[in-house]
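Visitor: One structure, as structure tokens, below. Some questions next.
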Amino acid sequence: MSSIEFASAYFLYGLIIIPLLVVWYIFSGRKHQAYVKFTDTSFFMEMPKSWKVYARHILFVLEMCALALLIIALARPQSSAKNQKINIEGIDIVLTVDLSSSMLAQDLKPDRLEAAKNISADFVKGRPEDRMGLVVFASETFTQVPLTTDHGMLLNMMKDLKCGMLEDGTAIGDGLASSVSRLKESEAISKVVILLTDGDNNAGSIDPATASEMAKLFGIRVYTIGVGTRGTAPYPVQTPFGGIQYQQIPVTINEPLLQKIADDTGGRYFRATSNEKLQQIYEEIDKMERSKIEVNEFTRVTEEFLPLVWWSLALLLLGFILRNTIFKTLTD
């Protein structure tokens, strides 16, 4: 990026003299005309005027342009070029999502899973510089997307998440351990797991406390999110006739467990009781885990007055040549 600035801009006020000289030239124009004395000028009145009568004003135009260029040159125009060097400290993030059947409860709209997918997608789109991965769990766990900067692929895989993809259950320990295994070899400045669930650990082979210790060992912060309203929530239940009926089912989120996982790893625990609250949680995590950007700005200044001086001298020389050749006048 380059721009023009003036080191001595006050000289530009000198340009005011240009319109004053134009006015003076117009009112004193007769004095610039060549003349010869005759006793009778009626003969000359009938003669057409030469093109030189009109073209002679070129001399004044050249002089004014030369003067304007000299004034601008005195103001010392300078061009400046700026370059920026940006260093980004990367953050690796694994989104760990519960796919147990209770995520179909409709206390969040349209249900817990779809709300989590939509809001998580906005979070991903807002962090184009970070590597992200996706781990899902129910009674077992699966790495849906390893750490990648291909966020388009990550978002497409996230859209396809459905309850029932894995055997039902809630293996929080296995889900967290799988996420830790994806981050433990990372060389990123910051390593983060965002674990979203709506229940208690009731399946899997790894205890959540053990998985939490693994995360702490590898310097991984875990932000835990408990999804669901307080009390009961409408949950879809299949009727004997093949239809769907909604029943109020108690919400059983193990908040002490999620709080302990977050505390042990230096993260935080959040409770999302609505779509708006879940949105606020992701925005807060986004602010806390923001990439550090260091900007070094370099400015190079170049003096630009010399070409203006050369152009001004060229115009004055051209005017001098024309005045003493084509527009040479006779005086008494």
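The values are calculated or read from the model by the stated rules, or taken from the named source; none is laboratory data. Source: prediction; values computed, not measured. Positions of Cβ are generated from backbone atoms using ideal geometry, with glycine treated the same way; all protein chains shown enter the neighbour counts. When the accessible area is computed, the model is the full protein with side chains, heavy atoms only, and any ligands, DNA or RNA have been set aside. Shrake-Rupley method; radii C 1.70, N 1.55, O 1.52, S 1.80 Å.
Visitor: Out of all the residues in segment 117-161, which are in contact with a helix residue (DSSP H, G or I) (Cβ under 7 Å, 6 or more places away or on another chain) and among the polar types (S, T, N, Q)?
Guide: The answer is Ser120, Thr141, Thr143, Gln144, Thr148.
Visitor: Regarding segment 266-278, can at least one residue be identified that is of a type in the set (Ser, Thr, Tyr) and at pLDDT below 95?
Guide: So far as segment 266-278 goes, no, none of its residues is of a type in the set (Ser, Thr, Tyr) and at pLDDT below 95.
Visitor: Output yes when any residue across segment 64-83 is outside any helix (DSSP H, G or I), closer than 30 Å to Leu21 by Cα and either modelled with pLDDT under 60 or open to solvent by 90 Å² or more (accessible area, probe 1.4 Å) (or both), and no when none is.
Guide: Taking every residue of segment 64-83 in turn, at least one turns out to be outside any helix (DSSP H, G or I), closer than 30 Å to Leu21 by Cα and either modelled with pLDDT under 60 or open to solvent by 90 Å² or more (accessible area, probe 1.4 Å) (or both).
Visitor: Take the residues in segment 165-183 that are of a type in the set (Gly, Ala, Ser) and in contact with a Leu (Cβ under 8 Å, 6 or more places away or on another chain), then tell me which one is nearest to Asp207 (Cα to Cα).
Guide: In this case the residue turns out to be Gly175.
Visitor: Considering only residues that are part of a helix (DSSP H, G or I), of a type in the set (A, V, I, L, M, F, W, C) and open to solvent by 40 Å² or more (accessible area, probe 1.4 Å), which ones fall in segment 211-253?
Guide: Scanning segment 211-253 gives Met214, Leu217.
Visitor: I would also like to ask the following. Can you pull out the residues in segment 141-167 that are within 14 Å of Glu114 (Cα to Cα) and free of Cβ contacts under 8 Å to residues at least 40 places away in the same chain?
Guide: Leu155, Asn156, Met157, Asp160
Visitor: Let me ask you something else. Determine whether Thr143 is closer than 28 Å to Ala209 by Cβ, touching a Ser or Thr at 6+ places or on another chain (Cβ under 9 Å), in a strand (DSSP E or B) and among the β-branched types (Val, Ile, Thr).
Guide: For Thr143, the condition - closer than 28 Å to Ala209 by Cβ, touching a Ser or Thr at 6+ places or on another chain (Cβ under 9 Å), in a strand (DSSP E or B) and among the β-branched types (Val, Ile, Thr) - is met.
Visitor: Any residue in segment 301-316 that is at pLDDT below 85, open to solvent by 70 Å² or more (accessible area, probe 1.4 Å) and among the β-branched types (Val, Ile, Thr)?
Guide: Yes, segment 301-316 has at least one match.
Visitor: How many residues does segment 127-140 hold that are within 23 Å of the chain's Cα centre (by Cα) and in a loop (DSSP other than H, G, I, E, B)?
Guide: Residues meeting the conditions: 4.
Visitor: Let me ask something else. Being surrounded by 13 or more Cβ atoms within 10 Å (Cβ to Cβ), farther than 26 Å from Lys109 by Cα and among the polar types (S, T, N, Q) is true for just one of Thr273, Thr265. Which residue is that?
Guide: Of the residues listed, the single one that is surrounded by 13 or more Cβ atoms within 10 Å (Cβ to Cβ), farther than 26 Å from Lys109 by Cα and among the polar types (S, T, N, Q) is Thr265.
Visitor: Does segment 168-186 contain any residue that is closer than 21 Å to Leu113 by Cβ and part of a strand (DSSP E or B)?
Guide: No, that holds for no residue.
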